[in-house]
Structure formats: structure tokens, C-alpha cells
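Engineer: I am attaching a structure below and will ask some questions about it afterwards.
The values are calculated or read from the model by the stated rules, or taken from the named source; none is laboratory data. Fair warning: this is a prediction, and the values are worked out from it, not measured in the lab. Don't worry about glycine lacking a Cβ; one is built from the backbone with ideal geometry, like all the others, and counts go over all protein chains shown.
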Amino acid sequence: MASILLYGSDALDILQRHWTGQELRVADQPLFGRFRLETIGQNEAIVVHISSRNEIEIHSHGGEMVVSAIESTLIQDGACSVSWQEFFCPDKTQRELALRLLPFAPTEHIAQILLDQYNGALDRECTEIEKLENETVKRQRFDRLKENANVGKHLVYPFRVVLAGASNAGKSSLFNAILGFQRSIVNVIAGTTRDVVSYQTALEGFPVTFYDTAGFRETQHELEQQGIERSRQSIANADLLVWVIDLTVPENEQPDICATKNVLHCFNKIDLIDTANSSHWEKQSVSEKRTIVSATTGQGIETLLEHIIRRLIPNPPKPLEAVPLRSTTDYP
Ligand SMILES: Nc1nc2c(ncn2[C@@H]2O[C@H](COP(=O)(O)OP(=O)(O)OP(=O)(O)O)[C@@H](O)[C@H]2O)c(=O)[nH]1
Ligand SMILES: [Mg+2]
């Protein structure tokens, strides 16, 4: 099903030229008839709803060819085509951008943030900031806008969280435990993952893509070397690197590329540590910079996810708060 709104003073006259069916008139009820598609020389069954002489909804079946044939017939008669976003919000502002992004909202939470922006959250905040006389408060409110602008970049495009670490640390097992299904192959043989495996999900309603990568180790195997090079590339593009460490083996050094990244250390395989040692590990400060889990038993995974989202969004926007959006050219 596709809907086209024919709007303007000539709307009824334009429709009349191509219409055969029930008499066209302003009515509460839909009217049934056929629309002559001039460009392909066929009559298409349609339903129209005429709420005023200026405003007519045309409903056809949703095939792309039919919709574009109706559109080009109307354009030939003097109509011009605008997207629904431009129609409702023609001023090319953040409000229009919010509408443009709305169909791509991956979760209800994101849709709500976008609707808040459409309803003028940013304009209101800017007007209020301008009126403030206290420079310190002004700066605080402005800094908060900047903080939310980082969230605004990831309403439609997910945050990228890369799981990396030494071979066999349990990255793929952790990836599967986070997602809740067996997306990646897990094996006791070191060097199992070669390509980057990704999956998009949501944390607290924000889109996040997790990447499972090939483990770092010295190897002469060309395929594995290629995999490790891909791991480096994924780390370079990450918003957050989760460096996975096997608690049962001496800690490996991180490659240089990790030094510049936002890193969370994740100690895995706590289930293999005997009770005495385990309490030693559990006493280690679990913080937003380090966390202890077992990908096998699921222990600590919830806490890990909380830490991940807090590292990505330390203070999530509150309902009705202004979230600056990125320019249209960055979006589909
Ligand atoms: N007991 C226990 N075993 C684990 C845990 N996590 C992973 N393993 C085991 O460790 C081995 C390696 O796990 P993977 O998830 O394939 O490790 P990886 O880091 O993806 O390995 P590569 O892809 O080779 O780099 C497998 O035998 C897993 O079953 C854990 O939390 N506890
Ligand atoms: Mg793996």
C-alpha cells in the first residue's frame, strides 16, 4: 500500500483529469475508482480520500512502478514532488533532520529522542541558553549540548564495540554470550576466528554493533596474519575496544594500536579459577575500566554490558532533552 498526498489549490482539478469512478467530492468516506497512468497507458485501481478541495490522499498498491507512474502523471500536470519530511517541516532545520532520520530509528527509544527533536527540543534549549546571564551556567548547558551531540551521531549509526585480545582468550565465546546466540565459531584451537564477525544489537535502546576479531599472536600462517591485520583495522575504527584477557594464562601485551583507544579490560574464564584465587580476583576493583566475566557461565556479562554502555554514553539524554543531530549528508 502506498499513499500520496495531493495538496494545493489545483488538487481536485488535477485528479479529475485522470479519474474514472465515483463522483469526486469532499467526503468522510473513501471513494473508489481508477487512475489513468499516462506514462504507461494503463488504468490503476485506487482509493482516494478528499478532506478538502486542496487536500487529497491517493492510496494505491505499493508497487514502485505504480507509485512512480502516478507521481509522474501528477508532475506532468503541474504538481511538484516533495518528501513527507519536507512537507511537514520545510525549513531544513534540526526538526526536518529528525523527521528524515525517524524511519531509520532502530529502537523505540531512538524514535522518541528524534520526536523530541522534531518537537523543538534543541531550539528551546538554544533560546534558553541565549537568555542566561550567568556565564558558568551558560557554559555548563552548552557543554551538555556538546555531550549529547556525541549521542546524536549514533541514533541511527551504531556505536562500534570491538572485542579483541590474544588468541583463545574467549572473544568469540564472549561475543556469543553478549548476543545470546552462537554467531561466531568457538574452538579450543587458537586462531579459530580469521575474519571480522559483526552483529548489531541495542543497549539501553541505543544501537551498538559488536565486532569479534582474530586473536593477536605471532604466526607464520598467512591467512591468520591477514585476520590479525583486520583486527587492527577494526580497533582503529572502534568507539570502544573491549580487550579480552584469559585469566588462566599470563597477560599478553597489547599491540600499540590499543594505546590510543578507549579501552575496557575484560578478564574472562573466571569459572576456571579456583575458589581461593577467585575471591582474590573478585576483590580486584571491578570498575568501568575493568570487569571480570565467564563467557561460559554468563557470570558478569550483565555488568560488562552496563560498563560498555556507560563508557559509550556516560549520561544518557533525559526525555525531552536537546540532542543535536548530524547533518543530512551523513545519513541515508
Ligand atoms: N571455562 C571457560 N572456557 C572458555 C571461556 N571462554 C572461552 N572458553 C573456551 O576457550 C576456548 C577458546 O574460546 P574462543 O571463544 O574460541 O576464543 P577466541 O578468543 O575467540 O579465540 P581465537 O578466535 O582463536 O582468537 C574454547 O574452548 C572456549 O570454550 C570461559 O569463560 N570459561
Ligand atoms: Mg574467535
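Engineer: Can you tell me which residues in segment 125-158 are part of a loop (DSSP other than H, G, I, E, B) and surrounded by 17 or more Cβ atoms within 10 Å (Cβ to Cβ)?
Structural biologist: Correct list: His154, Leu155, Val156, Pro158.
Engineer: Given (1) within 16 Å of ligand 1 (Cβ to nearest atom); (2) in a helix (DSSP H, G or I); (3) under 17 Å from Gly205 (Cα atoms), identify the lone condition not met by Val161.
Structural biologist: (2)
Engineer: How many of the residues in segment 197-218 are within 24 Å of Glu302 (Cα to Cα), away from ligand 1 (no atom under 12 Å from the Cβ) and in a loop (DSSP other than H, G, I, E, B)?
Structural biologist: Matching residues across segment 197-218 total 2.
Engineer: Can you name the residue in segment 60-95 that is at pLDDT below 80 and of a type in the set (D, E, K, R) and, of all such residues, is surrounded by the fewest Cβ atoms within 10 Å (Cβ to Cβ)?
Structural biologist: Only one residue tops the list, namely Asp91.
Engineer: For segment 1-41, which positions are loosely packed, with under 14 Cβ neighbours inside 10 Å, of a type in the set (Ser, Thr, Tyr) and modelled with pLDDT under 90?
Structural biologist: The one that is loosely packed, with under 14 Cβ neighbours inside 10 Å, of a type in the set (Ser, Thr, Tyr) and modelled with pLDDT under 90: Ser9.
Engineer: So is Ala190 part of a loop (DSSP other than H, G, I, E, B), within 13 Å of ligand 2 (Cβ to nearest atom), over 27 Å from Leu155 (Cβ atoms) and at pLDDT 95 or above or not?
Structural biologist: On the way: part of a loop (DSSP other than H, G, I, E, B): yes; within 13 Å of ligand 2 (Cβ to nearest atom): yes; over 27 Å from Leu155 (Cβ atoms): yes; at pLDDT 95 or above: no.
Spelling it out, it is not the case that Ala190 is part of a loop (DSSP other than H, G, I, E, B), within 13 Å of ligand 2 (Cβ to nearest atom), over 27 Å from Leu155 (Cβ atoms) and at pLDDT 95 or above.
Engineer: Which of (1) part of a helix (DSSP H, G or I); (2) at pLDDT 95 or above; (3) within 16 Å of ligand 1 (Cβ to nearest atom) is the odd one out, the single condition Ala169 does not satisfy?
Structural biologist: The one condition Ala169 does not meet is (1).
Engineer: Run down Ala149, Ala121, Ala111 and say which single residue is small (Gly, Ala, Ser), without any contact (Cβ under 8 Å) to a residue 24 or more places away in the chain and more than 16 Å from ligand 2 (Cβ to nearest atom).
Structural biologist: Matching residue, one of Ala149, Ala121, Ala111: Ala111.
The rows are residues; the columns are (1) touching a Lys or Arg at 6+ places or on another chain (Cβ under 9 Å); (2) in a helix (DSSP H, G or I); (3) within 10 Å of ligand 1 (Cβ to nearest atom).
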residue: Asp195; (1), (2), (3): yes, no, no
residue: Gln220; (1), (2), (3): no, no, no
residue: Gln225; (1), (2), (3): no, yes, no
residue: Ser231; (1), (2), (3): no, yes, yes
residue: Leu241; (1), (2), (3): yes, no, no
residue: Pro250; (1), (2), (3): no, no, no
residue: Gln254; (1), (2), (3): no, no, no
residue: His265; (1), (2), (3): yes, no, no
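Engineer: What are the residue pairs meeting all of these: first residue in segment 242-260, first residue over 17 Å from Val162 (Cα atoms), second residue outside any loop (DSSP other than H, G, I, E, B) and within 16 Å of ligand 1 (Cβ to nearest atom), Cβ atoms under 6 Å, and 6 or more apart or on different chains?
Structural biologist: Pairs that qualify, where the first residue is over 17 Å from Val162 (Cα atoms) and the partner is outside any loop (DSSP other than H, G, I, E, B) and within 16 Å of ligand 1 (Cβ to nearest atom), are Leu247/Phe267; Thr248/Leu272; Glu251/Ile245; Asn252/Ala166.
Engineer: Shifting gears a bit: Kindly evaluate Tyr199 against the criterion of being of a type in the set (Phe, Trp, Tyr), farther than 18 Å from Lys269 by Cα and within 12 Å of ligand 2 (Cβ to nearest atom).
Structural biologist: no
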